[in-house]
Amino acid sequence: MRFSETPLKGAYLIDLEKKGDERGFFARFFCTEEFKRHGLEDRFVQANNSHSALKGTLRGLHYQLNPMEETKLVRCVRGSFYDVIVDLRPHSPTFLQSFGHTLSADNRTMMYVPKGFAHGFLTLEEDSEVLYLVSQVYSKERERGLRWDDPSLQIAWPEKPRIVSERDQSHPDFKPDYHLECV
């Protein structure tokens, strides 16, 4: 695997190192030892699968508060989507900055989303499917969300979403007391 740090410290794009022949190729998309060598989370407790039937479907921006913060390893297995992360670590030099990258079944690039980041994506094709590993179980009480079009985040989505759930549409603009609270 090839690990490329994004402009947001601690977040990575990960590309497969394919070993191929006339049959096709083989590649690892996760290896505990390689993740440890890079100082990354190497324990995942859940694997999630999300399918979006229509192009222009937006999901996110989701995260969980401490002590239920989660690391995610996100990969597109069908279609394509624009994957976005937002740094919510108050003492980070990139606090409230975002980064986005196209993940597709063709490029097989993955996004490593560390704890303290919100995550969301916009599908760029019909029938797009996401597979992601998470380091923490779901906690309804600790779950939070940022509104995808919060002007303070200045996210450069490649196109306007066509479908956003009522839940994701109702996330508030960034408010430190709500989005960063410690209960």
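Restricted to the stretch 162-171, and to residues that are open to solvent by 70 Å² or more (accessible area, probe 1.4 Å) and in contact with a Lys or Arg (Cβ under 9 Å, 6 or more places away or on another chain), which residue is farthest from ALA105 (Cα to Cα)? Going through the qualifying residues, I end up with SER170.
Before we move on, is LEU73 closer than 17 Å to SER4 by Cβ and of a type outside the set (Gly, Ala, Ser)? Can you show your working first?
On the way: closer than 17 Å to SER4 by Cβ: yes; of a type outside the set (Gly, Ala, Ser): yes.
Taking the combined requirement at face value, the residue satisfies it.
For the stretch 141-183, enumerate the residues that are within 18 Å of LYS115 (Cβ to Cβ), over 17 Å from the mean Cα position of the chain (by Cα) and among the basic types (Lys, Arg). Once the filter is applied, which keeps residues that are within 18 Å of LYS115 (Cβ to Cβ), over 17 Å from the mean Cα position of the chain (by Cα) and among the basic types (Lys, Arg), the stretch 141-183 yields only ARG142.
When you look at ASP42, is it over 24 Å from ASP106 (Cα atoms), without any contact (Cβ under 8 Å) to a residue 40 or more places away in the chain and of a type in the set (Asp, Glu), yes or no? First the steps, then the outcome.
Numbers: over 24 Å from ASP106 (Cα atoms): yes; without any contact (Cβ under 8 Å) to a residue 40 or more places away in the chain: yes; of a type in the set (Asp, Glu): yes.
So ASP42 fits the description; yes.
It is to be established whether one or more residues within the stretch 81-102 are among the small types (Gly, Ala, Ser) and either open to solvent by less than 10 Å² (accessible area, probe 1.4 Å) or without any contact (Cβ under 8 Å) to a residue 40 or more places away in the chain (or both). No: the stretch 81-102 contains no residue that is among the small types (Gly, Ala, Ser) and either open to solvent by less than 10 Å² (accessible area, probe 1.4 Å) or without any contact (Cβ under 8 Å) to a residue 40 or more places away in the chain (or both).
Could you please find all residues in the stretch 143-156 being among the hydrophobic types (A, V, I, L, M, F, W, C) and in contact (Cβ under 8 Å) with a residue 60 or more places away in the chain? Give the steps one after another, and end with the answer.
Residues of the stretch 143-156 among the hydrophobic types (A, V, I, L, M, F, W, C): 146, 148, 153, 155-156.
Answer for the stretch 143-156, where residues must be among the hydrophobic types (A, V, I, L, M, F, W, C) and in contact (Cβ under 8 Å) with a residue 60 or more places away in the chain: LEU146, TRP148, LEU153, ILE155.
Among the residues making up the stretch 21-56, those that are farther than 26 Å from MET68 by Cβ and either in a strand (DSSP E or B) or open to solvent by 50 Å² or more (accessible area, probe 1.4 Å) (or both) are ASP21, GLU22, ARG23, GLY24, PHE25, PHE26, ARG28, GLU33, ARG37, ALA53, LEU54, LYS55.
Looking across PHE121, PHE174, one residue alone is out of contact with any Lys or Arg (no Cβ under 8 Å at 6 or more places or on another chain) and buried (at least 18 other Cβ atoms within 10 Å of the Cβ). It is PHE174. Of the residues GLU70, GLU129, GLU181, GLU159, the single one that is open to solvent by less than 60 Å² (accessible area, probe 1.4 Å), charged (D, E, K, R) and at pLDDT below 95 is GLU181.
Filter the stretch 1-20 down to the residues that are outside any loop (DSSP other than H, G, I, E, B) and open to solvent by less than 70 Å² (accessible area, probe 1.4 Å), then identify the one that is farthest from LEU103 (Cα to Cα). Checked the stretch 1-20; the qualifying residue farthest from LEU103 (Cα to Cα) is GLY20. If I filter the stretch 133-156 for residues that are surrounded by 16 or more Cβ atoms within 10 Å (Cβ to Cβ), within 18 Å of LEU8 (Cβ to Cβ) and of a type in the set (Asp, Glu), do I get at least one hit? The answer is yes, given that some residue of the stretch 133-156 is surrounded by 16 or more Cβ atoms within 10 Å (Cβ to Cβ), within 18 Å of LEU8 (Cβ to Cβ) and of a type in the set (Asp, Glu).
The residue pairs whose first member lies in the stretch 122-142 and is under 18 Å from PHE44 (Cβ atoms), whose second member is of a type in the set (Phe, Trp, Tyr) and open to solvent by less than 30 Å² (accessible area, probe 1.4 Å), and whose beta carbons are closer than 8 Å, counting only pairs six or more residues apart or on different chains, are VAL130/PHE81; VAL130/PHE121.
The values are calculated or read from the model by the stated rules, or taken from the named source; none is laboratory data. The structure presented is a predicted model; accordingly, all values stated were derived computationally and were not measured. FYI the Cβ positions are ideal-geometry reconstructions off the backbone, even for glycines, and counts take in every protein chain you see. Ligands, DNA and RNA are excluded from the accessible area calculation, which covers all protein heavy atoms including side chains. Shrake-Rupley method; radii C 1.70, N 1.55, O 1.52, S 1.80 Å.
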